[in-house]
Amino acid sequence: DTEVTQTPKHLVMGMTNKKSLKCEQHMGHRAMYWYKQKAKKPPELMFVYSYEKLSINESVPSRFSPECPNSSLLNLHLHALQPEDSALYLCASSPGHGSGQAAYGYTFGSGTRLTVV
Amino acid sequence: AQRVTQPEKLLSVFKGAPVELKCNYSYSGSPELFWYVQYSRQRLQLLLRHISRESIKGFTADLNKGETSFHLKKPFAQEEDSAMYYCALTSIGNKLVFGAGTILRVKS
């Protein structure tokens, strides 16, 4: 299995809802990432997990809460989002997140298209 | 600061013409550079890594440290090459940082 799988593919939620995005990989990768991508813009890094521990939070608002239950799964919990949070949320993984691992590049999922109404 | 610059938002060429997508970077260390491609309605895919010096789908990219460039080239464009192309580098903390992207349109 050489893919990163994200569910759901589409999500519409109200500003008072709580929802979760899920990401799964079975490549044995030890680093996982959440990116946000607006239309016709590059992906922007949100969070990095390395060996199931949060290592980077790019000053993301607390209404986004990441969780890494195990080495294969990554969740993004959403609560009280704003309409401007509507975007494509991408999950990615890489073999590791330390020196020497960077050269492999990341494998991306197909994303969850989130609409906040 | 680490930065990737793709100066062209849109590059339009005819089928069979050569293609060069420009990428310049600023990074104080030794960067790892990549090209990613996003076809319409498909996921972001890794196209090339500078470290592997490979040719994928006819595309090549050479790292020029003197000019801090990593331009993507293909001698003969095909219609199926039409997509968004992102140049990216891994920066301090091994974060993958993307350029703004260039839309390649190959016309028949």
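The values are calculated or read from the model by the stated rules, or taken from the named source; none is laboratory data. The structure displayed is predicted, hence computed values, not measured ones. Cβ placement follows ideal geometry from the backbone for every residue including glycine, while neighbour counts extend to all protein chains displayed. What goes into the accessible areas is simple: the full protein's heavy atoms, side chains included, and nothing from ligands, DNA or RNA. Shrake-Rupley method; radii C 1.70, N 1.55, O 1.52, S 1.80 Å.
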Next item on the list: Please work out if B:Ala100 is at pLDDT 95 or above and open to solvent by 10 Å² or more (accessible area, probe 1.4 Å).
Entry: yes
Margin query: Can you report the number of residues in segment B:10-33 which are surrounded by 11 or more Cβ atoms within 10 Å (Cβ to Cβ) and either polar (S, T, N, Q) or under 15 Å from the mean Cα position of the chain (by Cα) (or both)?
Written below: 13
Margin query: Every residue in segment B:34-80 that is within 14 Å of chain A (Cβ to nearest Cβ), open to solvent by less than 60 Å² (accessible area, probe 1.4 Å) and of a type in the set (A, V, I, L, M, F, W, C), please.
Written below: B:Phe34, B:Trp35, B:Val37, B:Leu44, B:Leu47, B:Leu48, B:Ile56, B:Ala61, B:Leu63, B:Phe70
Item checked: strands (runs of 3 or more DSSP E) wholly inside segment A:9-90 containing at least 2 residues that are within 12 Å of chain B (Cβ to nearest Cβ) -> A:31-37, A:44-50, A:53-57
